[in-house]
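Asker: This is the structure I have questions about; it appears just below.
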Amino acid sequence: MHPPEVRARARRQYLAGSTVGEIAKQLRLPYPTVRHWCVDRPERKRRGTELRCFRCREDVDNPADPGAYAYLLGLYLDDGHLVTSARVPVLGIYCSNAWPDLIDACETAMKAVLAGSTQRIQQKGCVSVQSYGKHWPCLLPQHGPGKKHERPIVLAGWQREIVTAHPGEFLRGLFHSDGARFANRVRVRGKEYVYPRYLFSNKSADILGLCQWALDLLGVAWRRNRPDSLSVARRAAVAALDRHVGPKS
């Protein structure tokens, strides 16, 4: 049994103009095997989002833009919803009207990862950026019935690899959804001090844990200020998050 990537390579070379004999010689495989792959059973034509689904394609094992995927995953875990009961699954990310640049960034990430087109559905106080695609469930296996904080949220091994390589983009998605950067004011002995601070809150202990893990990957100091939220307040830690996240706009 030959690996899928070998079969995919043979098909690509055949479609590019190489003969079966040339491919068999280069890959050191029997001629009948290569002919069976390329001629007798050619790869079926793919359409729509299947062409871009890196989980379904034999010749691709990572997204074309892993940073965009990490960002979109962060947005989805906080403010996203994937409906799989319809004939074609639909991914929706809810973005506040107060942050027009965030809406644009969400739409850009969707198109970079899988979407051929998106829709903006205006709702009270927010915009739902939506994309229909049969392969969204392949890329977002955390979907399921019920609210996210009422069920386990665990990243697949391949998702952890992407986030490990792009923790800043993942955190940007999380903080752009359920986080904030603001000026914290404290008064000590009658004198007021103002300093920047990040907060991230989520009812899901699993999602909160993923945020902590990504912060640790970047070496950003954090602390739990409440059971359902964490704070990043040290000067060096805030500066590090500014390089990756920055304020919403």
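The values are calculated or read from the model by the stated rules, or taken from the named source; none is laboratory data. Quantities reported herein were computed from a predicted structural model and do not represent experimental measurements. Neighbour counts run over all protein chains shown; Cβ positions are idealised from the backbone, glycine included. In case anyone asks, the SASA skips ligands and DNA or RNA and just uses the protein heavy atoms, side chains included. Shrake-Rupley method; radii C 1.70, N 1.55, O 1.52, S 1.80 Å.
Asker: Only four residue types carry charge here, +1 at the Cβ of Lys and Arg and -1 at the Cβ of Asp and Glu. Report the dipole size of the stretch 121-249 about the Cα centre in Debye, rounded to the nearest 20.
Answerer: Dipole size: approximately 640 debye.
Asker: Among F182, V129, S249, whose Cα projects farthest towards the positive end of the dipole of the chain, with charges put on the beta-carbon of Lys, Arg (+1) and Asp, Glu (-1)?
Answerer: Among F182, V129, S249, the one farthest towards the positive end of the dipole of the chain is F182.
Asker: Rounded to the nearest 500 deg cm²/dmol, what is the calculated helix-only ellipticity per residue at 222 nm for the chain, with -39500 (n - 2.57) per DSSP H run of length n ≥ 4?
Answerer: Theoretical 222 nm ellipticity from helices: -12000 deg cm²/dmol.
Asker: Explain nothing, just the number: dipole magnitude of the chain about its Cα centre with +1 on each Lys and Arg Cβ and -1 on each Asp and Glu Cβ, in debye rounded to the nearest 20.
Answerer: It comes to approximately 240 debye.
Asker: How much accessible area per residue does the stretch 113-249 have, counting only protein heavy atoms and a probe of 1.4 Å, in square angstrom? Could you put the intermediate results ahead of the total?
Answerer: Details: 7290 Å² over 137 residues.
Per-residue value: 53 Å².
Asker: Over the chain, with a Gaussian network built from C-alpha contacts below 10 Å, which listed residue (V20, V83, V127) shows the highest mean-square fluctuation?
Answerer: Checking each option, the largest mean-square fluctuation is seen for V20.
Asker: Something else: Which of the listed residues, G144, L29, L51, is farthest toward the dipole's positive end in the chain, when Lys, Arg count +1 and Asp, Glu count -1 at the beta-carbon?
Answerer: Working it through, the farthest residue towards the positive pole turns out to be G144.
Asker: Something else now. Quantify, in whole percent, the carbon and sulfur part of the accessible surface of the chain (1.4 Å probe; protein heavy atoms only).
Answerer: Carbon and sulfur together cover 50 percent of it.
Asker: Moving on to the next point. Among all stretches of the chain without exposed trypsin sites (Lys or Arg not before Pro) (DSSP loop, at most 10 other Cβ atoms within 10 Å), which one is longest? Present the calculation step by step, with values, prior to reporting the outcome.
Answerer: Values: sites that count: R28, R44, K45, R47, R87, K124, K147, R189.
The longest such stretch corresponds to 190-249.
Asker: Be a star and scan the stretch 120-151 for residues whose amide nitrogen sits under 12 Å from the point 7 Å along the Cα-to-Cβ vector of K203.
Answerer: 146-151
Asker: Top mean-square fluctuation among G67, G92, G157, Gaussian network model of the chain, C-alpha springs under 10 Å?
Answerer: With Cα springs under 10 Å in the chain, the top fluctuation among G67, G92, G157 is at G157.
Asker: Would you look at the GNM of the chain, springs on alpha carbons closer than 10 Å, and say which of Q123, Q13, Q142 moves the most?
Answerer: The residue that fluctuates most here is Q13.
Asker: Using the crude model of +1 on Lys and Arg Cβ and -1 on Asp and Glu Cβ, and no other charge, please compute the dipole size for the stretch 171-240 relative to its Cα centre, in debye to 20.
Answerer: Details: 13 positive and 5 negative charges, 103 e Å.
It comes to approximately 500 debye.
Asker: I would also like to ask the following. How many Lys pairs in the chain lie less than 16 angstrom apart by Cα atoms, where the lysines are 8 or more positions apart or on different chains?
Answerer: Lysine pairs meeting the criterion: 4.
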